[in-house]
Amino acid sequence: MKHLFIGGEWRLPTGSETITVVSPSTEEPVGQAPLSAREDVDAAVAAANAALTSGDWSTWSAGERAEAMERFADALESRATETARLVTAENGMPIAVSGPVEGLGPAGVLRYFARLARDTAWEQPRPAASGRGTTVVRREPVGVVAAVLPWNFPQSLAMFKLAPALAAGCAVVLKPAPETSLDAFQFAEAAQEAGLPAGVLNVVTGGPETGAYLVAHPGVHKVAFTGSTEAGRTIAEICGRLLRPVTLELGGKSAAIVLNDADLAATVRGLAWASLLNSGQTCYVSSRILAPRTRYDEVVEAVAELARSLPVGDPADPATRVGPLVSARQRERVETAIAKGRAQGARIATGGGRPAGLTRGWFVEPTVFAEVDNSFALAQEEIFGPVLAVIPYDDESHAVGIANDSPFGLAGTVWTSDEERGLDLARRMRTGSVGVNFYAIDLGAPFGGVKASGLGRELGPEGLEAYVSYKSVYLRK
Ligand code: NAD
């Protein structure tokens, strides 16, 4: 079993409790990780504070930090194949996705923020607005960051926090989700190899209690969380009371607006990624498909055909497009949502059950519902599985109204043969991002949500700001 990574060393956990990570496709154990005790979290937070107040890190220039980040990226890249395999074993992500996204993705995020670290004005003298004197505006690290992570994209979502934190000169305590405890140690090994100073990155494995203790810890200065809206609200309340900055990337129920001029074959190819990525266990997926009433049956059939065509099975097989759900509990949630959809009167166009022939693993058939009203639970609640709802609309304004009639506002897509028309609709959607004829996160632009989808933004120069604290120094001359 792995030890904890605290203060640049592999340390034995205080207690003897462990987390067993179980393969979603075989239901067999993949490995074990320590269940951190409060003392372990105390030690990690203390090590992070020590890295900020003494030692090398606090005195490094942005250029030196950027070089260390690039070495860190190299070390992660050399482990990319093993990391992707590990993530697939832990959470069932098809290897065709985990290879590029989880294996190679994090190094790209690090390199982007290393460039940003070099290009950012960390100390900027400005003439005072009064015309008398100068003010030196400094961007300083916000301090010790508690990064609490989900299981769905454990590597890339960790790096969305770690990379800007390092660029800004912060120190981080990373708490992975219990389901994906093991891959987090890849970061620790790579950080050691890259020569990151002790305490700049610490990894404590554990469950919600470990997370709750960490986010409220007096030695933490900023919290970065991705996960469920429910846990996000609890964390926001705690941070509110503590006046602690927090960024929250939470759930979604995004809409794909298929316009009447859309090329349906191309749209459906795009929806395979935009609506069903990682077997639907992706925060931004467009799980509500909005179809013009004039082409409704055609869209339902094309989306159902897409769902039927995706190979379901062993996530380690490069041909697999839909793997198992992460846990028995997650499959139960998805099956409950499917049952609710049926009970409310939606029609199953395809799927709805468990795939034949897969007797082990937490699989659910890719499922498409038709005759869905946007008020149904199916359209209002996040499902986090391979379940799509096709909703009819009358005209563009009606489509935008349905898209915005959601407690969430994370993302969305528009499918059209006229990109200008797509951009026009994107402007009217109340979400943090919209893709026109595809969806792919751009590292150089802010990503995040409105309403119950979260607070603040990750990525881009805007994402770096969440790890920066401003100081103004007034000078006479
Ligand atoms: P969760 O929000 O309960 O857990 C996410 C992380 O937060 C884990 O590391 C967990 O240990 C920790 N955590 C949980 N409660 C906490 C608390 N009160 N204080 C501090 N840390 C806490 O997510 P889950 O139970 O794994 O998944 C449940 C649902 O969340 C899913 O069905 C899905 O709808 C949603 N989800 C969304 C995303 C996303 O990317 N937006 C990711 C994962 C899950």
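The values are calculated or read from the model by the stated rules, or taken from the named source; none is laboratory data. Please read all numbers here as calculations on a predicted model, not as lab measurements. Cβ: placed from backbone, ideal geometry, glycine included. Neighbour counts: every protein chain shown. When the accessible area is computed, the model is the full protein with side chains, heavy atoms only, and any ligands, DNA or RNA have been set aside. Shrake-Rupley method; radii C 1.70, N 1.55, O 1.52, S 1.80 Å.
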Given charges at beta-carbon only (K, R positive; D, E negative), |dipole| of segment 308-401 in Debye: 560
Taking 420, 396 and ranking on accessible area (1.4 Å, protein atoms only), highest first, one gets 420, 396
Please pull out the direction-averaged projected area of the chain, using the convex hull of its alpha-carbon atoms, in nm² to one decimal place. 23.3
Please give the Cα centre distance for segment 24-49 versus segment 233-285, rounded to the nearest Å. 28
Quick one: accessible surface of residue 123, probe radius 1.4 Å, all protein chains present, in square angstrom to the nearest 10. 110
Please list 474, 467 in order of solvent-accessible area, largest first, computed with a 1.4 Å probe with all protein chains present. 474, 467
If one computes the Cα centroid of segment 108-137 and of segment 403-452, what distance in Å separates the two points? 31
When the charge dipole of segment 326-477 is computed with +1 on Lys and Arg Cβ and -1 on Asp and Glu Cβ about the Cα centre, the Cα farthest towards its positive end, among 384, 434, 345, belongs to 384
Report the Cα-based extents of segment 95-144 along its three principal axes, largest first, to the nearest Å. 61, 23, 14
For segment 254-442, give the share of DSSP beta bridges that are antiparallel, in percent and rounded to the nearest 5; count only bridges with both residues there. 15
Report, for the chain, the % of DSSP beta bridges that are antiparallel, rounded to 5. 45
If you count only protein heavy atoms and use a 1.4 Å probe, how large is the accessible surface of residue 151, to the nearest 10 Å²? 40
Ignoring any ligand, DNA or RNA, what whole percent of the accessible area of the chain comes from carbon and sulfur when the probe is 1.4 angstrom? 52
In what sequence, largest accessible area first, do 19, 348 appear using a 1.4 Å probe? 348, 19
Using modelled amide H (1.01 Å from N, peptide plane; none on Pro or chain starts), what sits under 5 Å from the amide H of residue 365, excluding residues fewer than 5 places away? 352, 353, 354
Report D for segment 142-243 in µm² per second (integer): Stokes-Einstein, Kirkwood Rh on Cα pairs, 20 °C, 1.002 mPa s. 157
Determine, for each peptide in 289-295, 127-133, 408-414, 305-311, the mean count of other beta carbons within 10 angstrom over its residues, then list the peptides with the highest first. 408-414, 289-295, 305-311, 127-133
Per residue, how large is the accessible surface of the chain? Use a 1.4 angstrom probe and give square angstrom. 39
Percent breakdown of C-alpha pair distances by 10 Å bin, ordered from the shortest bin, for segment 26-95: 15, 25, 34, 22, 3
How big is the gap, in Å, between the Cα center of segment 167-220 and the Cα center of segment 356-380? 35
Once the Cα gyration tensor of segment 254-442 is diagonalised, what are the square roots of 5 times its eigenvalues, in whole Å and ordered largest first, as equivalent ellipsoid semi-axes? 26, 17, 15
Computed ³J(HN,Hα) along segment 6-18: with the Karplus parameters 6.51/-1.76/1.60, θ = phi - 60°, integer Hz and x for glycine or proline, the list is 9, x, x, 10, 8, 10, 5, x, 5, x, 10, 6, 10
Check: segment 6-49 dipole with +1 on Lys, Arg Cβ and -1 on Asp, Glu Cβ, in debye: 100
For residue 289, what residues show an amide H to amide H distance below 5 Å, using hydrogens built from the backbone and excluding near sequence neighbours? 256, 389, 390, 391
